[in-house]
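Reviewing the structure listed below.
The values are calculated or read from the model by the stated rules, or taken from the named source; none is laboratory data. In this text the structure is predicted, and so the values were computed from the model without any measurement. Positions of Cβ are backbone-derived with ideal geometry, glycine not excepted, and every protein chain shown enters the neighbour counts.
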Amino acid sequence: MQGRRILLIVGGGIAAFKIPALVRLIRAEGAAVTPVLTAAGSQFVTPMTLSVLAGEPVHDTLWDQGAEAEIGHIQLSRRADLVVVAPATADLMARMAQGAANDLASTLLLATDKRVLIAPAMNVRMWDHPATRRNLAALRDDGILTVGPDEGDMACGEYGPGRMAEPEAILAAIRAALSDGPLAGRHVVVTSGPTHEPIDPVRYIANRSSGAQGTAIAAALRDLGARVSFVTGPAAVPPPQGVAVIRVETAQQMRDAVEAALPADAAVMTAAVADWRVENGSAEKIKKGPDGPPSLRMAENPDILAWISRAPARPRLVVGFAAETTDVLAHATAKRLRKGCDWIVANDVSPGTGIMGGTENAVTIISDAGVESWPRLTKTEVAARLAARIAEALR
Ligand code: C5P
């Protein structure tokens, strides 16, 4: 991001209070910020705050004689490498979708020849309204990139999708949008790590997945310019920098997080999702007692890979993993058909291989095109090759 310039349009929503933090994050990466404030935006964040943090004056009117003597609105929109709208309110999105040019922000958005990234933020009903759905679809058709919104508590006291993406996630999207790698502008959802299925507040059922392969894949996709939503269970390795990290614990939470992250161009499901959860878990710690050990009754967890492969918002490319200990190829081939994904990356995780929790992996890729075995490589090399393949498939 070093030396790049972001034209940052701040709309009028309560999420604007997070924009000063975003400005700092962008500048810490060596990029410059030209702040533009709408009239409504100035109700939530002051021009002084923005200009001090950006180190540049704030632009907030189309009727600035000094600037317009040099056709300022055209200059501003052309001088940037990327235009970011955050928060993108329902009104700003509607005006963008219509091609309105009735204030400085909308005029800049119509005049720009650069990529535009929006971070929508609004009340859940406004977000779900058919008019906003139409506007969003139109903006996506125009090639506008989006990040968020997230689901959660809202300033208005309601709950649902509509919260602006966190500044770190917007930064990751900016980085991806500025990249000129082969996955620039693409959004990929990656699941990683194990899931924990609670027995009671202190005990859980888990598995030995470290999250190393998923983390390496997310980093490799990021390096090719993708915007990555990294949905991770409690993993042993830290998540990569420069991706939007969504931390979950259980399989059910992972499924919901993946759904909230859609739409995406591709999904890579590397997580070792627990197949079962404890149905008769306890809200209080189970005590040792005269009745002996508790019996746990298990219930089936949602199969995220099978679900996304048949979801209405199915990504163009869905990649699953198959960790097997016997008959790897036969099981993986059957799994691909059963789950409905495009590719299965199969590996042998028998104890002797040292693959589970180790640094190396030996994989076989099964797709429509046939079966291809790669030599034993580091997990980083497997990730780089797989990311390159994904870029090829999405081209
Ligand atoms: O059925 P199995 O667990 O062997 O399938 C492995 C593949 O399916 C992996 O890609 C894994 O991430 C995915 N999976 C999933 N949800 C589950 C179980 C597995 O997404 N509940």
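So for segment 273-287 (the condition being under 15 Å from the mean Cα position of the chain (by Cα), crowded, with 20+ Cβ neighbours inside 10 Å and outside the structural domain of G152 (by TED's automatic domain parsing)), does at least one residue qualify? The answer is no, given that none of the residues of segment 273-287 is under 15 Å from the mean Cα position of the chain (by Cα), crowded, with 20+ Cβ neighbours inside 10 Å and outside the structural domain of G152 (by TED's automatic domain parsing). For segment 341-360, the tally of residues that are away from the ligand (no atom under 14 Å from the Cβ) and part of a strand (DSSP E or B) stands at 1. Would you check which residues across segment 301-324 are touching a Pro at 6+ places or on another chain (Cβ under 8 Å) and under 28 Å from V278 (Cβ atoms) and list them? If the condition is that a residue be touching a Pro at 6+ places or on another chain (Cβ under 8 Å) and under 28 Å from V278 (Cβ atoms), then I308 is the only one that fits. One residue alone among R227, R247, R203, R208 is basic (K, R), surrounded by 21 or more Cβ atoms within 10 Å (Cβ to Cβ) and not assigned by TED's automatic domain parsing to the domain that holds E168, and that residue is R227.
A quick yes/no check of all residues on (1) in the same structural domain as A257 (by TED's automatic domain parsing); (2) more than 21 Å from the chain's Cα centre (by Cα); (3) at pLDDT 90 or above:
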residue	(1), (2), (3)
A88	no, no, yes
V116	no, no, yes
N123	no, no, yes
M126	no, yes, yes
G143	no, no, no
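Applying the set (1) under 32 Å from the mean Cα position of the chain (by Cα); (2) away from the ligand (no atom under 11 Å from the Cβ); (3) surrounded by 11 or more Cβ atoms within 10 Å (Cβ to Cβ) to L337 leaves exactly one unmet item: (3).
In this structure, is V319 within 13 Å of the ligand (Cβ to nearest atom) and at pLDDT below 95? Spelling it out, it is not the case that V319 is within 13 Å of the ligand (Cβ to nearest atom) and at pLDDT below 95. Condition first: within 12 Å of the chain's Cα centre (by Cα) and at pLDDT 95 or above. Can you find one or more residues in segment 243-257 that meet it? There is at least one residue in segment 243-257 that is within 12 Å of the chain's Cα centre (by Cα) and at pLDDT 95 or above.
Residues in segment 175-199 that are farther than 20 Å from V319 by Cβ and touching a Pro at 6+ places or on another chain (Cβ under 9 Å): H196, I199. Here G160 meets the list (1) within 20 Å of L262 (Cβ to Cβ); (2) out of contact with any Lys or Arg (no Cβ under 9 Å at 6 or more places or on another chain) almost entirely, failing just condition (2). Close contacts from segment 291-312, counting a first residue that is within 16 Å of the ligand (Cβ to nearest atom) and a second that is of a type in the set (A, V, I, L, M) and assigned to a loop (DSSP other than H, G, I, E, B), with Cβ to Cβ under 7 Å and a gap of 6+ residues or different chains, come to N301/V273; N301/A274; I304/V273. Within segment 321-333, residues that are assigned to a strand (DSSP E or B) have Cβ atoms under 6 Å from residues that are within 9 Å of the ligand (Cβ to nearest atom) and not polar (S, T, N, Q) in these pairs: F321/V345; A322/A332; A322/K335; A322/I344; E324/H331, counting only partners at least 6 apart in sequence or on another chain.
When the test is whether a residue is out of contact with any Cys (no Cβ under 8 Å at 6 or more places or on another chain), under 13 Å from S229 (Cα atoms) and without any contact (Cβ under 8 Å) to a residue 60 or more places away in the chain, A176 passes it. For segment 260-280, the set of residues classified as away from the ligand (no atom under 16 Å from the Cβ), more than 27 Å from A212 (Cβ to Cβ) and at pLDDT 95 or above consists of N280 only.
Restricting attention to segment 238-259 and to residues that are among the aliphatic types (A, V, I, L, M) and farther than 16 Å from A172 by Cβ, the residue that is farthest from the ligand (Cβ to nearest atom) turns out to be V248.
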